[in-house]
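K.L.:
Here it is, the structure in full.
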Amino acid sequence: MHSRSPASRRGPSRALRSAARTPSPSAPLPAAAILIPLALLLLLRIAAVALPGTWGWGLTATRFIAPASGWALLALAALALLPPVATAVARASAPLDRRIASRPLPFALLGALLAAALAFTLADRATFIGDFQMREQAIESGQFARFLPESMPFDALIHDRLPRALAGLGLAPAAFARILGAIEAGLLALFALALARGPASRSARSTDASPPLFWLALPLVLGVPFAVFTGFPKPTADLCVLTLAAAALGVRVARGERAHLALGLVLALAILDHRSGLVLLPAAAYLVAARTAARDPAAALVALAAPPLLALAAMAPTLDRIVTTYDVPMHLAQAGVPRAPLPIRALDVANAILLVAPALVALAALRGTPRSAAERTERRFLVVLALAFLPVALLVQPRQGLFRDWEILAPAGIAAGALIARALAARIEAKQAAPALAVALAFAVGTPALGLLIESHSVAGALPRAHALLAGPPERTVIERTFLWDYVSGREMALGHWRQASEAIEHVAAIKPDRGVLLSWGFAATSAGDFASAQRAFGRLVSASPDDAAGIAGLGGAAAHLGDAATTSEMRARLAPALADSRKRAALAQLLHDHPTLWPLLADSLAAAR
């Protein structure tokens, strides 16, 4: 008697429907489908480094470091594209991958320590990214709430109140930011390995089934978003960690594992940390719907949905205030603010995406039919997670320009990297792709990240980039140029390059001639010995504010240095009321102490007034 399969006993129609629901296996992935897009990306990077202009600023991570280092990194990326080289590297690291698969926790902790050490060692001293300098000054001056009204509670707690409390124990806020970034870099490494470990490496733990875990996890850690872990005092690094945690935990939930509560808590923390944490909710909503259809226990689904919904309800008034009073006028409407032409804006968005998520060039090649319903849910979840960041890229228009504020897309780069890593891991686990492709991808992502980290590690590292953006082409908006000149002046001051600082601030003063800018210009010019420039700066200040004692002192000092006796005498007379006021006299004494070359004879006037 012939036995019949369960499907055939249910009848031919039901058997056919069952077969139709079973995904057909994807065809093997040719290596060229990945290597050719990566090779084209490398050629674009070489062109962006070699050619003038900053049209491709997102491809220039190795352009502004020492040429030997920059070209060496590009050469490494090129070598990894050679199949024999990538295959040899993959084979050499196979024992490590097997050990990681069999003992994930010790190796995850080791990876976390290495990531933390790298983030702490390569501290960002250039402070070019985003509003690095403004946030650092706001924290140190105790004016966080005043300058950053858009901050959420968890952001204010760990980036303001905690570092200021520790400052009383002798830990500088900047040092705290580096320590926090290192800790979060370690967490990023932990979640990267958790995401890279697919079902084959978690269950079978066989030597053949284990994918190249090291090379799959590495791009998730050592990509360009890693730059925000090196001392940037903003919740961007928090959101990168939380985004990768949501991806790793979401994959587990999609495959039927019980990680619902952990994912729900991660989503709630993201909302409490920054308003852009809302971007994670569409993927979570899809996952709830998918797991409801898969008949997950109601308690598990509540554990996933309740924490973010409670956080959203608690923060709704705060979010409404931030969006209406800050985000819309600052990033979306920008009434009266000069904007870049649409083609330049579109090019900047493309540059930012290629900077934070270069692996996306391989996405089309990694399309394939999922092998199971769970894998299909996982894939769709990760696609929704990555696509949810697209409106941020298209609609938000940072005043400083995306070439500085690309960090707003760093979590998007993490989400895109998670999608690519899981798609490639699935192909490798199914024996449809060679592990060597993970090696090539890791070098394509990691080499520009190292270039940017090297650039940012020097106080003057980003100055060539800033000057290149100022020189163009393309020409930047007047607001973007003003912010760039302001950055240049601050860096030149930090380096003691007073003449260059004075010249840079003069550009800022042409657009924003407020008191602080004019004083900085005058002080820098005086320190540089350029008293004619100092006279122009202080003269503009006195013209706008005739009773400004600092401006009068500066103008009188510049005139004295230039031998202009009439102006010197006039300014000395105008200082008389200030010298009679004890508070203003004390302020002038401090001014002289801070800038001894300003007006040497001013000391005599102060002494006579005592």
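The values are calculated or read from the model by the stated rules, or taken from the named source; none is laboratory data. The structure presented is a predicted model; accordingly, all values stated were derived computationally and were not measured. We place every Cβ from the backbone using ideal geometry, glycine too, and count neighbours over all the protein chains shown.
K.L.:
I need the helices (runs of 4 or more DSSP H) fully contained in region 466-538, keeping only those with at least 3 residues that are β-branched (Val, Ile, Thr).
P.N.:
Numbers: elements: 478-494, 498-511, 515-528.
In region 466-538, 478-494, 498-511 are the helices (runs of 4 or more DSSP H) which contain 3 or more residues that are β-branched (Val, Ile, Thr).
K.L.:
Related question: Please list, ordered by first then second residue, the pairs with beta carbon atoms under 9 Å, 6 or more apart or interchain, first in region 149-177 and farther than 28 Å from ALA314 by Cβ, second in a loop (DSSP other than H, G, I, E, B) and among the small types (Gly, Ala, Ser).
P.N.:
From residues that are farther than 28 Å from ALA314 by Cβ, the pairs are ALA174/ALA123; ALA174/GLY231; ALA175/GLY231.
K.L.:
Being basic (Lys, Arg) and over 23 Å from the mean Cα position of the chain (by Cα) is the filter here, so list the residues in region 52-103 that pass it.
P.N.:
As a first pass, look at region 52-103 and keep what is basic (Lys, Arg): 63, 91, 98-99, 103.
The answer is ARG91, ARG98, ARG99, ARG103.
K.L.:
Further question: Among residues belonging to region 384-408 that are crowded, with 23+ Cβ neighbours inside 10 Å and aliphatic (A, V, I, L, M), point out the one that is farthest from ARG295 (Cα to Cα).
P.N.:
Of everything passing the filter in region 384-408, LEU402 is farthest from ARG295 (Cα to Cα).
Table: residues versus (1) crowded, with 21+ Cβ neighbours inside 10 Å; (2) more than 18 Å from PRO219 (Cα to Cα); (3) aliphatic (A, V, I, L, M).
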{"residue": "PRO343", "(1), (2), (3)": "no, yes, no"}
{"residue": "LEU382", "(1), (2), (3)": "yes, no, yes"}
{"residue": "ALA418", "(1), (2), (3)": "yes, no, yes"}
{"residue": "THR447", "(1), (2), (3)": "yes, no, no"}
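K.L.:
Between a first residue in region 294-322 that is more than 18 Å from LEU272 (Cβ to Cβ) and in the same structural domain as SER372 (by TED's automatic domain parsing) and a second residue that is of a type outside the set (Gly, Ala, Ser) and not in a helix (DSSP H, G or I), which pairs have beta carbons less than 9 Å apart while being 6 or more apart in sequence or on different chains?
P.N.:
Once the first residue is more than 18 Å from LEU272 (Cβ to Cβ) and in the same structural domain as SER372 (by TED's automatic domain parsing) and sits in region 294-322, its partners that are of a type outside the set (Gly, Ala, Ser) and not in a helix (DSSP H, G or I) give ASP296/ARG258; PRO297/ARG258; ALA300/ARG258.
K.L.:
State whether one or more residues within region 89-102 are closer than 30 Å to ARG481 by Cα and part of a helix (DSSP H, G or I).
P.N.:
Step one: filter region 89-102 for residues closer than 30 Å to ARG481 by Cα, giving none.
Looking through region 89-102, none of the residues is closer than 30 Å to ARG481 by Cα and part of a helix (DSSP H, G or I).
K.L.:
Here's another thing I want to ask about it. Looking only at residues in region 127-143 that are buried (at least 19 other Cβ atoms within 10 Å of the Cβ), in a loop (DSSP other than H, G, I, E, B) and not acidic (Asp, Glu), which one is modelled with the lowest pLDDT? Steps first, answer last, please.
P.N.:
Step one: list which residues in region 127-143 are buried (at least 19 other Cβ atoms within 10 Å of the Cβ), which gives 127-132, 135, 138-139.
Within this subset, residues satisfying the condition of being in a loop (DSSP other than H, G, I, E, B) are 127-131.
Now drop any that are not not acidic (Asp, Glu), which leaves 127-130.
Numbers: THR127: 97, PHE128: 98, ILE129: 96, GLY130: 92.
Looking at the filtered set, the residue picked out is GLY130.
K.L.:
Among the residues of region 89-109, is any within 17 Å of PRO448 (Cβ to Cβ), at pLDDT 95 or above and either surrounded by 14 or more Cβ atoms within 10 Å (Cβ to Cβ) or in the same structural domain as ILE183 (by TED's automatic domain parsing) (or both)? Walk me through how you get there before you give the answer.
P.N.:
Step one: list which residues in region 89-109 are within 17 Å of PRO448 (Cβ to Cβ), which gives none.
No, because not a single residue in region 89-109 is within 17 Å of PRO448 (Cβ to Cβ), at pLDDT 95 or above and either surrounded by 14 or more Cβ atoms within 10 Å (Cβ to Cβ) or in the same structural domain as ILE183 (by TED's automatic domain parsing) (or both).
K.L.:
Let me confirm something: among ALA86, ALA68, which residue is closer than 18 Å to LEU450 by Cα, in a helix (DSSP H, G or I), of a type outside the set (Ser, Thr, Tyr) and modelled with pLDDT of 95 or more?
P.N.:
Details: ALA86 fails: closer than 18 Å to LEU450 by Cα.
Only one candidate passes the filter, namely ALA68.
K.L.:
Something else now. Please pick out the residue among ALA416, ALA393 that is out of contact with any strand residue (DSSP E or B) (no Cβ under 7 Å at 6 or more places or on another chain) and modelled with pLDDT under 95.
P.N.:
Details: ALA416 fails: modelled with pLDDT under 95.
Matching residue, one of ALA416, ALA393: ALA393.
K.L.:
Would you confirm whether or not region 292-300 contains a residue that is closer than 30 Å to THR325 by Cα, out of contact with any strand residue (DSSP E or B) (no Cβ under 8 Å at 6 or more places or on another chain) and in a helix (DSSP H, G or I)?
P.N.:
no
K.L.:
Within region 423-438, does at least one residue satisfy the condition of being modelled with pLDDT of 95 or more, under 15 Å from the mean Cα position of the chain (by Cα) and part of a helix (DSSP H, G or I)?
P.N.:
No, because not a single residue in region 423-438 is modelled with pLDDT of 95 or more, under 15 Å from the mean Cα position of the chain (by Cα) and part of a helix (DSSP H, G or I).
K.L.:
Quick test for you: out of ARG161, ARG146, pick the one residue that is modelled with pLDDT under 95, surrounded by fewer than 16 Cβ atoms within 10 Å (Cβ to Cβ) and in a helix (DSSP H, G or I). Full working, then the answer.
P.N.:
Details: ARG161 fails: modelled with pLDDT under 95.
Being modelled with pLDDT under 95, surrounded by fewer than 16 Cβ atoms within 10 Å (Cβ to Cβ) and in a helix (DSSP H, G or I) holds for just one of ARG161, ARG146, which is ARG146.
K.L.:
Okay, moving on. Run ARG63 past the list (1) assigned to a helix (DSSP H, G or I); (2) within 16 Å of VAL224 (Cβ to Cβ) and report the number of the one that doesn't hold.
P.N.:
For ARG63, the exception is condition (1).
K.L.:
Just checking, does region 503-513 include any residue being within 30 Å of LEU59 (Cβ to Cβ) and either modelled with pLDDT under 95 or in contact with a Lys or Arg (Cβ under 7 Å, 6 or more places away or on another chain) (or both)?
P.N.:
Step one: of region 503-513, the residues within 30 Å of LEU59 (Cβ to Cβ) are 503-504, 507-508, 511.
From what's left, either modelled with pLDDT under 95 or in contact with a Lys or Arg (Cβ under 7 Å, 6 or more places away or on another chain) (or both): 511.
Yes.
K.L.:
Go over the candidates ASP405, ASP327 one by one and state the one that is part of a helix (DSSP H, G or I), more than 18 Å from TYR286 (Cα to Cα), modelled with pLDDT of 95 or more and among the charged types (D, E, K, R). It would help to see each step written out before you state the result.
P.N.:
Values: ASP327 fails: modelled with pLDDT of 95 or more.
The match here is ASP405.
K.L.:
When only residues in region 337-361 that are among the aliphatic types (A, V, I, L, M) and modelled with pLDDT under 95 count, which is farthest from THR482 (Cα to Cα)? Lay out the reasoning, then the answer.
P.N.:
First, pick out the residues of region 337-361 that are among the aliphatic types (A, V, I, L, M): 337, 340, 342, 344, 346-347, 349-350, 352-357, 359-361.
Then drop every residue that is not modelled with pLDDT under 95, which leaves 337, 340, 342.
On the way: VAL337: 13, ALA340: 14, LEU342: 20 Å.
Looking at the filtered set, the residue picked out is LEU342.
K.L.:
Scan region 247-290 for residues that are outside any helix (DSSP H, G or I) and either touching a residue at least 24 places away in the same chain (Cβ under 8 Å) or not acidic (Asp, Glu) (or both) and report the count.
P.N.:
Initially, region 247-290 is screened for residues outside any helix (DSSP H, G or I), giving 255-259, 274.
Now narrow it down to the ones that are either touching a residue at least 24 places away in the same chain (Cβ under 8 Å) or not acidic (Asp, Glu) (or both): 255-256, 258-259, 274.
So the answer is 5.
K.L.:
Also, quick follow-up: Quick one: LEU390 ticks every box in (1) without any contact (Cβ under 8 Å) to a residue 40 or more places away in the chain; (2) not assigned by TED's automatic domain parsing to the domain that holds LEU244 except a single one, so which number is it?
P.N.:
(2)
K.L.:
Let me ask something else about it. Among the residues of region 539-581, which ones are under 48 Å from the mean Cα position of the chain (by Cα), charged (D, E, K, R) and part of a loop (DSSP other than H, G, I, E, B)?
P.N.:
ASP547, ASP548
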